[in-house]
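Structure, as structure tokens:
Read-outs throughout are calculated quantities, based only on the coordinates presented, and are distinct from any laboratory measurement. Nothing here was measured: the structure is a model prediction, and the numbers come from that model. All Cβ positions, glycine included, derive from the backbone under ideal geometry; neighbour counts span all protein chains shown.
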Ligand code: MSP
């Protein structure tokens, strides 16, 4: 059985879930649902990143201990993802005992092998990013992300011998051209590797920061937050058991936003090399969301919260919009008018309408009892069958390439075709003549099949909606999951379906 290990970044606990983090969660949740439904062994990990300067400062500003802050915010992240029906298998916190032990074990091991050593360091440090910058990486002397001037810091520190693995990483990228995808981000990492990457400072003196994992060989220092955080991808699996680790590593598909490319594309693979572990399968990098053309920020008051969106338009509509509106790897803009337009045209008029019209006619003309298909099928029915077969093939291809938007488009082309089929075959007119009722029954049977296949294909994207469609079709669980069930085999004549409920009431 194929296996897949899907991860999200672990979120800093100095903020709340927002559009950006929700986007990663929805992509990864969709993929986890997709592969699970197809029988893959799936492990889906998310969690919170709780150490470091940023968190220590946020706690001080809130007048609470870092522990109290992280407990509260981590729980609120978890609750938000639960409210969004995110089907993660494990939620890791970097303050979990098992994670701390694992980080210390790795540190001790790399210290013994000589890949961690003590030295002096001087550099420009951005506290927002929790990392040193080379002057070249700065824009007008400022951190390109935080637009603040980094501080010159001089200290003794432990280094990770990252430079030792530079050549091997370059060779790996050459041998695995899609290791980092899409290609643009791979090229960015290749460019980083054209310069010497140097060694990575991985300790912080306790005189400056205490909120971190203590270095096992020197209690005057805590571990740099990125060295700690990246290890979550393995500590979580180990925590579940050595067998879980053996099964899911290195089947990892990491998903991240483009701002954390360097830690994932350079630090993490070189750490894995030093640890003697195989590298992850893919690093999948997505773009950034803006809101009405502007950067999302607390000060602008334009932060989109997933839970507000759930209350406003429903979870599935929010999921649909984020997945449909964006191209993986590119930036996207969240606009109320696009959301409104897509909701009405695609959710209400296309799929919503197809479901309600088909089930309403089934109820009106046959009191919900399924009728036999025509044998042989007329050309127009065969074309409908072909449209859904094509959608199924396209979904598979697009999901594999992370083109979730195109996968949705493919299904909606088929449902659009089904709506046209209703107009062209006009069962509502035929039904006026009792002699045509068998034909009407066959047309409606085709439409029920169209609903079944649509729900099957859309389940990972719109889980709640598809559950409602399956419920109205009164299909037993095992038949929902059979992807190659031939058209016409799902519903025996006489099978009772239910009346529709409005899935996506039109927005005014
Ligand atoms: N804690 C680190 C990740 C450690 S992973 C071992 C971190 N956390 S974060 O909370 O700041 O960011 C989490 C994710 O949110 C990142 O992938 C980041 O790219 C993403 N986003 C933050 N703002 C975003 C948008 N406006 N749009 C899309 N994603 C964005 O970094």
Legend entry - Of all DSSP beta bridges in segment 3-286, antiparallel share, percent nearest 5: 50 percent
Legend entry - From the C-alpha gyration tensor of segment 132-280, square roots of 5λ in Å: 25, 23, 14
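Could you line up 11, 35 from fewest to most neighbouring Cβ atoms inside 10 Å?
Fewest-to-most Cβ neighbours within 10 Å comes out as 35, 11.
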Legend entry - Degrees separating the helix 463-473 axis from the principal Cα axis of the chain, which is the longest one: 20 degrees
Inset, instruction - Let me have the 222 nm mean residue ellipticity of the chain computed from DSSP H runs of 4+ only, each contributing -39500 (n - 2.57), with the sum over all residues rounded to the nearest 500. - result: -14500 deg cm²/dmol
Legend entry - Estimated distance in nm for a label pair at residue 275 and residue 400, the labels positioned 7 Å out from Cα along Cα-to-Cβ: 3.0 nm
Inset, instruction - Starting from the Cα gyration tensor of segment 305-354, take the square roots of the eigenvalues, sort them a ≥ b ≥ c, and report rounded, prolate or oblate (rounded when a/c is under 1.5, otherwise prolate if a/b is larger than b/c, else oblate). - result: oblate
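How do 480, 432, 240 rank when sorted from fewest to most other Cβ atoms within 10 Å of their own Cβ? Don't skip to the answer; put the middle values down first.
Details: 480 20, 432 9, 240 17.
Placing the least packed residue first, the sequence is 432, 240, 480.
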Inset, instruction - Please label the shape of segment 360-400 as rounded, prolate or oblate, based on the square roots a ≥ b ≥ c of the eigenvalues of the alpha-carbon gyration tensor (a/c under 1.5 means rounded; beyond that, a/b larger than b/c means prolate, else oblate). - result: oblate
Legend entry - Cα-based equivalent ellipsoid, segment 235-339: semi-axes from gyration tensor eigenvalues, Å: 34, 17, 12
Inset, instruction - Give me the angle, in degrees from 0 to 90, between the Cα long axis of helix 404-425 and the longest principal axis of the Cα atoms of the chain, rounded to the nearest 10. - result: 10 degrees
Inset, instruction - Among 364, 319, rank each residue by its count of other Cβ atoms within 10 Å, from fewest to most, as a rough exposure measure. - result: 364, 319
Inset, instruction - Using the Kirkwood radius over Cα pairs, work out the Stokes-Einstein diffusion coefficient for segment 61-207 at 25 °C and 0.890 mPa s, in µm²/s as a whole number. - result: 130 µm²/s
Legend entry - Share of alpha-carbon pairs per 20 Å distance bin for the chain, given as whole %: 21, 48, 23, 8, 0
Inset, instruction - Kindly list the residues of segment 293-322 that lie in the label zone of residue 464, defined by a backbone N under 19 Å from the point 7 Å along the Cα-to-C-beta vector. - result: 304-322
Inset, instruction - Return an integer: the convex hull volume of the alpha-carbon atoms of segment 1-140, in Å³ per residue. - result: 183 Å³
Inset, instruction - Take the alpha carbon atoms of segment 340-357, find their center, do the same for segment 369-414, and report the distance between the two centers in whole angstrom. - result: 17 Å
Inset, instruction - Divide, for segment 335-480, the radius of gyration over alpha carbons by 2.2 N^0.38 Å, where N is the residue count. - result: 1.06
Inset, instruction - Report the antiparallel proportion of the DSSP beta bridges in the chain as a percent, rounded to a multiple of 5. - result: 50 percent
